[in-house]
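> I have a structure here, written as structure tokens, and I will follow up with some questions on it.
Here, each number is a calculation from the coordinates, and none is a lab measurement. The shown structure was predicted, so the numbers you read here are calculated from the model rather than taken from an experiment. Cβ sites come from the backbone with ideal geometry, for glycine too, and all protein chains shown count toward neighbours.
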Amino acid sequence: MNDYGLSIWGDNNFIIEQGKVCVNKKSKPAILDIVKEINSQGYRGPILLRFPHLIKKQIEQIYASFSKAKKEFGYKGNFNAVYPLKVNQYPGFVKNLVTLGKPYNYGLEAGSKAELLLAMAYNNENAPITVNGFKDKELINIGFIASEMGHNITLTIEGLNELEAIIATAKERFSPKPNIGLRIRLHSTGSGIWAKSGGIYSKFGLTSTELIEAINMLKKANLLECFSMIHFHIGSQITEIHPLKKALTEAGNIYAELRKMGAKNLKAINLGGGLAIEYSQFKQASSRNYTLNEYANDVVYLLKSIAEQKNEQEPDIFIESGRFISASHALLVAPVLELFSQDHTEEKLNLKEKNPQLITELYDLYNSIRPSNALEYLHDSIDHMESVLTLFDLGYVDLQDRSNAEVLVQLIGKKAVIMLGNKNSTSDLLKIQEEIKERYLVNFSLFQSLPDFWGLKQNFPIMPLDCLDIRPTLPACIWDITCDSDGEISYKDELNQLFLHDVDVEKDEYFLGFFLVGAYQEVLGMKHNLFTHPTEAIVEINETGFEIKNLLESQSILDIMEDMDYDIHEIQDTLNERLERSNLVNETQKKQILGEIYLFLNDNGYLKTIN
Ligand SMILES: *Cc1c(COP(=O)(O)O)cnc(C)c1O
């Protein structure tokens with residue numbers, strides 16, 4: 001049975017039971033039941049579900065892997081993790097992460113003034129804060145304030161001018177001072193589509209010449225004792241382990257060299273993020289070639305060897321994993337509104353007494369198609385369709401004939417795909433599947449909810465939430481509700497096709513789940529067509545069922561307009577005046593219309609499922 005690659009990307013977080021996707025935890029509720037519960041409270045449209053137990057799981061896995069590796073190699077340095085806020089700054093995630101990370105002293109990483117102030121407000125007491133990215137004097141000042149407030153903060157310098165600003169600020173501020181980190185520019189680079197952050201030409205980091213200069217500047221300013229960490233980040237979603245090993249070796253040697261130059265408080269190496277997760281639904285397209293355990297072992301082993309070789313103490317290890325920690329916790333559920341060729345049923349055929357030759361032939365093909373001739377008949381029907389369209393343009397067949405041909409070709413396609421099965425497909429069949437794809441209109445915005453698909457063609461696992469005990473027969477293409485033709489998910493790769501079920505959504509609701517959307521997607525999401533962040537809920541699973549917490553409805557249309565800097569009173573007043581001026585309706589009707597406008601403005605803009 002098709003499990004939509006759940007065994008590849010699912011990490012045992014979900015299971016299929018009685019044809020439904022269920023959360024693999026305690027009472028194992030079906031996701032559909034959670035969604036129905038939320039729907040029953042009046043919330044429609046796409047819903048983002050957050051599962052705190054999956055945040056906890058990722059935190060535990062990271063710590064378990066590194067503890068194990070440290071034990072195995074007898075590593076003496078400490079292990080610390082901080083979460084980079086840029087990956088998901090939504091309170092529904094951050095607050096859970098901070099609470100669940102408390103036993104581990106889990107910290108936060110900030111890349112801007114806003115993120116730093118968030119970190120200062122929410123970080124666990126005494127847990128580390130690291131600050132990366134470009135800084136001005138103000139941001140540096142906020143960093144000093146953080147340390148004066150008692151935060152354990154490290155400001156990582158991206159360039160010498162930032163160091164100058166820190167030295168100047170240190171003279172003006174009080175104590176204690178923040179720790180200083182130096183971001184090193186490695187000659188090693190990462191791999192994969194996000195690999196731009198490493199390498200000699202990367203946007204960030206100090207060259208070896210600059211590092212030496214930085215040490216001299218720190219010495220001169222009497223601040224060398226604040227220098228405690230070197231940092232690198234070779235890019236997100238590192239697909240292969242090899243570049244990381246090269247980067248670690250390089251960083252380990254830089255660490256040892258800088259200590260030999262007198263940086264005695266340099267105690268930590270920060271590996272940045274990049275730990276990948278598996279997004280692929282297809283074995284042949286796997287998105288990483290290593291496991292977390294392998295990653296942890298390599299880090300610990302390499303740093304230990306270098307420390308031994310250079311006779312230096314083993315560095316504390318910091319990681320800034322974002323994607324790995326947050327991706328799996330969120331799942332977008334969106335209802336299918338329509339199947340575009342669903343009305344291509346036999347009842348829609350309206351054959352005439354006397355039909356054009358091509359239509360009669362198509363009808364014969366439809367009636368006599370068998371597994372043995374299915375592929376051939378499918379080819380023929382597509383050729384016939386082309387001919388019918390040409391004849392239509394020339395005026396030889398009418399609109400009814402054309403409609404009959406469309407219905408018949410669709411019906412033949414459906415029969416053929418079922419007869420031929422979706423396994424061991426010939427490339428011919430795959431090509432045809434591409435042509436007869438069913439288009440599923442889904443109540444979500446790709447731009448809002450899966451921006452990395454739009455911008456980078458990053459695939460996310462997609463599957464229906466029920467009917468999983470029935471073979472899906474329709475090669476599918478997903479359309480979102482924006483009126484932008486890029487709002488479409490269609491796997492062009494012939495081997496990796498998405499099949500969905502032939503359902504009648506007028507009778508039965510059919511929901512799709514878009515998984516692993518907890519990293520980057522939410523804040524990168526765009527308000528294209530003014531669709532906004534979907535309704536979200538935090539779901540806790542317990543022994544007997546589940547509990548829905550913090551149900552937060554999608555922004556109302558007025559809120560979105562206000563975000564865009566419209567004067568919402570002006571909008572409301574203008575609408576009222578225009579209605580008032582209209583002489584097409586009477587006073588009672590005006591009252592009703594006014595009420596309706598009020599309701600629409602105060603509701604969210606997603607479509608309400610038709611039934
Ligand atoms: C983006 C970023 C991260 C997070 O990377 P992931 O691949 O999401 O783990 C960590 N550190 C820095 C400096 C970053 O810019």
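> Could you list CYS477, CYS483 so that the one with the fewest beta carbons within 10 Å of its beta carbon is first and the one with the most is last?
On the way: CYS477 18, CYS483 8.
Ranked by crowding around the Cβ, least crowded first: CYS483, CYS477.
> For LYS137, which lysines qualify as cross-link partners when the Cα separation must be under 22 Å and same-chain residues fewer than eight apart are set aside?
Within the straight-line cut-off, LYS137 pairs with LYS86, LYS113, LYS171, LYS177, LYS203, LYS219, LYS220.
> Then there is this: Show the residues, 5+ positions off or on another chain, whose built amide H is closer than 5 Å to the amide H of ASN270.
So ASN270 has HN proximity to ILE230, HIS231, PHE232, PHE318.
> Which of the lysines could a cross-linker span from LYS20 if the Cα-Cα distance has to be under 19 Å and same-chain partners fewer than 8 positions apart are dropped?
Cα-Cα hits under 19 Å: LYS28, LYS36, LYS507.
> For the chain, what's the relative contact order in percent, using C-alpha pairs closer than 8 Å and at least 6 residues apart? Spell out each step's value before the answer.
Values: 1126 pairs, mean separation 107.6, N = 611.
The value is 18 percent.
> Within the chain, what is the longest stretch that has no chymotrypsin sites (Phe, Trp or Tyr not before Pro) placed in a DSSP loop and near at most 10 other beta-carbon atoms within 10 Å?
Numbers: sites that count: PHE174, TYR201.
So the longest stretch without any such site is 202-611.
> Distance between the C-alpha centers of region 447-518 and region 263-327? Whole Å please.
A separation of 33 Å, based on Cα centres.
> Something else now. Per DSSP helix of 4 or more residues, -39500 (n - 2.57); summed, then divided by the residues of the chain. What does that give at 222 nm, rounded to the nearest 500?
-12500 deg cm²/dmol
> So which lysines can LYS437 reach, going by Cα to Cα under 21 Å and dropping same-chain residues fewer than 8 places off?
In chain and number order, the partners are LYS348, LYS414, LYS415, LYS423, LYS457, LYS492.
> Follow-up question, since we're still on this one. In the chain, once you exclude exposed GluC sites (Glu not before Pro) (DSSP loop, at most 13 other Cβ within 10 angstrom), what's the longest stretch remaining? Write out the running numbers ahead of the final one.
Values: sites that count: GLU125, GLU353, GLU494, GLU506, GLU543.
Here the longest segment lacking exposed loop sites spans 126-352.
> Same structure again: Take each complete run of DSSP H in the chain, measure how far its Cα atoms stretch along the helix's own axis, and keep only those covering 24 Å or more with mean Kyte-Doolittle hydropathy at least -1.0; list them.
On the way: long enough: 52-73 (32 Å, -0.67); 242-260 (28 Å, -0.66); 292-309 (26 Å, -0.02); 374-394 (30 Å, 0.32); 399-420 (31 Å, 0.51).
Span-like helices in the chain: 52-73, 242-260, 292-309, 374-394, 399-420.
> With no solvent and one equal point scatterer placed on each C-alpha of the chain, evaluate the Debye formula and give log10 I(q)/I(0) for q = 0.05, 0.06, 0.12 Å⁻¹, two decimals.
Values, matching the q order: -0.30, -0.42, -1.20.
> Could you line up THR588, THR360 from fewest to most neighbouring Cβ atoms inside 10 Å?
Details: THR588 8, THR360 12.
Fewest to most other Cβ atoms nearby, the residues stand as THR588, THR360.
> Can you tell me the relative contact order of region 459-611? Whole percent, Cα pairs under 8 Å, sequence separation 6 or more. Please report the intermediate quantities before stating the final value.
Numbers: 141 pairs, mean separation 29.8, N = 153.
Relative contact order, region 459-611: 19 percent.
> On to the next question. Using the Karplus equation 6.51 cos²θ - 1.76 cosθ + 1.60 (θ = phi - 60°), what ³J(HN,Hα) coupling, rounded to whole Hz, does each residue of region 9-25 give in order, writing x for Gly and Pro?
Along region 9-25, the couplings run 9, x, 6, 6, 7, 9, 9, 9, 10, 6, x, 10, 7, 10, 6, 7, 7 Hz.
> Hey, another quick one. Compute the signed sum of charges (Lys and Arg +1, Asp and Glu -1) over the other residues within less than 14 Å, Cβ to Cβ, of PRO335. Please report the intermediate quantities before stating the final value.
Details: positive: LYS36, ARG44, LYS507, LYS608; negative: GLU338, ASP466, ASP480, ASP504, GLU506, ASP508, GLU509.
Result for the local shell: -3.
> Could you give P(r) for region 66-328, binned at 10 Å from zero, as whole percent values over all Cα-Cα pairs?
All Cα pairs considered, the percentages come to 7, 31, 38, 20, 3, 0.
> Something else: Using +1 on the beta carbon of Lys and Arg, -1 on that of Asp and Glu, and nothing else charged, what's the dipole of the chain about the Cα centre, debye to 20? The partial results should precede the final answer.
Working: 61 positive and 82 negative charges, 655 e Å.
Around 3140 debye, computed over the chain.
> If you don't mind, there's one more thing I want to ask. With only Lys, Arg, Asp and Glu charged, each at its Cβ (+1 for the first two, -1 for the last two), find how big the charge dipole of region 557-602 is about the Cα centre; round to the nearest 20 debye.
440 debye
> Please name which of TYR106, PHE546, ILE215 has its Cα lying farthest along the dipole of the chain towards the positive end, using unit charges on Cβ (Lys, Arg +1; Asp, Glu -1) and the Cα centre as origin.
Comparing the listed Cα positions along the dipole, ILE215 ranks first.
> Related question: I'd like the trypsin sites (Lys or Arg not before Pro) in region 502-606 restricted to DSSP loop residues with at most 12 other Cβ atoms within 10 Å, sorted by number. Numbers along the way, then the final one.
On the way: sites: LYS507, LYS527, LYS549, ARG578, ARG581, LYS590, LYS591; in loops: LYS507, LYS527.
Qualifying residues, ordered by number: LYS507.
> Using +1 at the Cβ of each Lys and Arg and -1 at the Cβ of each Asp and Glu in region 1-78, identify which of ILE38, ASN78, GLN61 lies farthest towards the dipole's positive end.
ASN78
> While we're here: Could you state the number of Å between the C-alpha centres of region 121-155 and region 65-106?
18 Å
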